[in-house]
Each structure stands twice: as structure tokens, then as C-alpha cells.
Amino acid sequence: MLFYPQLNSGSVTQYPVEKRLLAGAIVNELSEGRQVKYADAALDRLSWRLQHRALRGEETERLTNLFHATEGRLHTFTFHDPTANLLRWSEAFGEAVWERNTLLSVTPGSGDPLGSDRAWTLHNSGIAPLAVAQRITGLAWHTYAFSVWIRSATPGAVSLSLRTADAVHSDTRRIGPVWKRVLLSDGLPSGEPWIEFGVELAAGQTVEVFGAQVESQRAPSLYRPTASRSGVHTSARFAEDFLRIVADGPDRYSCEVAIEALLS
């Protein structure tokens, strides 16, 4: 499996980023010259144009290696949209994509930090710590920013975790009755092509959670709610059959990368 590389900064790109939604359509031209057009959602796609400046030699080498491995536009790779949330159902902790033990109950309809009622109440009725977690496709050793809003009626702590089959990193965050956006930013020393992000509650603990988000970078940005789609695109392609890299100085390079991915 091929993945778009992160830069030395821990992000997949630099800003500004150009992103477009291209709507698919089928056009039938009749014998008298009229055209009949039909929308075709199966052809809808996203496109990105990434600007890279002042890259080091090893960063351009990673981009070049991926371009050669895909043979330009021929083969696909996994791309993490730098403008999107990499989790699905970020406000629906009862969806199947969120894995949990049945002793950890999730109830919707609580007030959230944005003034609506889209937060969820989590309660651990077991005798050991339990987590609600979601897995994404991505290199485990890349850097990720995992953030979520949490509060509890009484002061306490929760654990945020990153996990694969052979590595784990968890850290506690203090919480209380005021909404707080907590963060765990790291990667794992693992070669797995997936990584799991979780919120762990102590036995008997009850908390309210809202707005889980994962980004392929070191720090969180503005929250972006998701439903069935996320910013993980496992069938992305280079949109051009050339990759032009310019040497701007000693060990300083720049390039522009065009990427496309179907929405379906």
C-alpha cells in the first residue's frame, strides 16, 4: 500500500492549498445538435493543488519515490486531505465505526460547546477502564493531531490513546465541568498501515464528548464535522504525468503537486 508522505514539519503540505469539488456529468449529443446532460455522482471527485516551498532533499526524494511507484497517474495511493477531518461520524459515537465494549454506553442529545445538543454522554459501567475508538488507514509512524471536546460533572481525567497491533501511546488529560478541547499529538514506532484513536474512561466514570477530530499534522485546526465520509482517500491519484521539482538553492527545492480522488 502506498501513502502520500508527510513533510519534515509533520504535515502533508504547506499553505495555501487549492481544493476543488468537480461534479460529474454525462452529456448526450443528439443528431440535431442538442445536448442532454445528466448529473452522475459516481464521477464526482475532489482535486487538490499543493504548493511546496523550501523542501529539503529527503522531502523531495519521498515525493519522487511515490511518483515513480505510482507511475504518474497510473496507480493509486492513500492521501490524507490536509483540509479535512480524518475521522468518520465525528459527532455520532454510536455509529459502528466507533469500536467499544458493550459496558461502555453512549447516549446522544447532550448540550455541546457550540450551543446545540450534538454532544454524547459516555458511561463506563464496567470494573476496568474502557475506550471508544476509531481506526483509520494511515502510516502509524506519521504525526497526527487527535483532539476532542470533553467535560464531566466533577473534576477528573480521561486518557487519549494512539494504538496499533504492536505499539500504543496514551496520555491523561484533566477535565472538569467546563468544555475543554483536549489534544494528543504524536505518532507510533510501528510499520502498520493503520492507526486507532481512542478516548478511555475509568471504571464507573461518566463524561460528555463532542467533536472528535484527527489531522495529519502536529496541531489541531478549526473543527470540521463529518458523517459517512472523512478526509482519508485510499484511491487518490496524481492528476498529472509529470512532477516538476525546481532547485532554488543548496538543499532547497520547490514543486507543485496535483492530486485527484473520486468521492464514491
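Some points to look at:
- Residue within the stretch 26-42 that is within 22 Å of Gly138 (Cα to Cα), touching a residue at least 40 places away in the same chain (Cβ under 8 Å) and either assigned by TED's automatic domain parsing to the domain that holds Leu139 or among the aliphatic types (A, V, I, L, M) (or both) present: no
- Glu58 being touching a residue at least 24 places away in the same chain (Cβ under 8 Å) and among the charged types (D, E, K, R): yes
- Scanning the stretch 24-52 for residues being in contact with a Lys or Arg (Cβ under 9 Å, 6 or more places away or on another chain) and either modelled with pLDDT of 95 or more or among the hydrophobic types (A, V, I, L, M, F, W, C) (or both) gives a total of 7.
- Subset tally (residues that are assigned to a loop (DSSP other than H, G, I, E, B), touching a residue at least 12 places away in the same chain (Cβ under 8 Å) and either in the same structural domain as Gly138 (by TED's automatic domain parsing) or on the phi < 0 side of the Ramachandran plot (or both)) for the stretch 222-264: 17
The values are calculated or read from the model by the stated rules, or taken from the named source; none is laboratory data. Computed from a predicted model, the values in this text were never measured in an experiment. Using ideal geometry, Cβ is built from the backbone for each residue, glycine included, and neighbour counts are taken over all protein chains shown.
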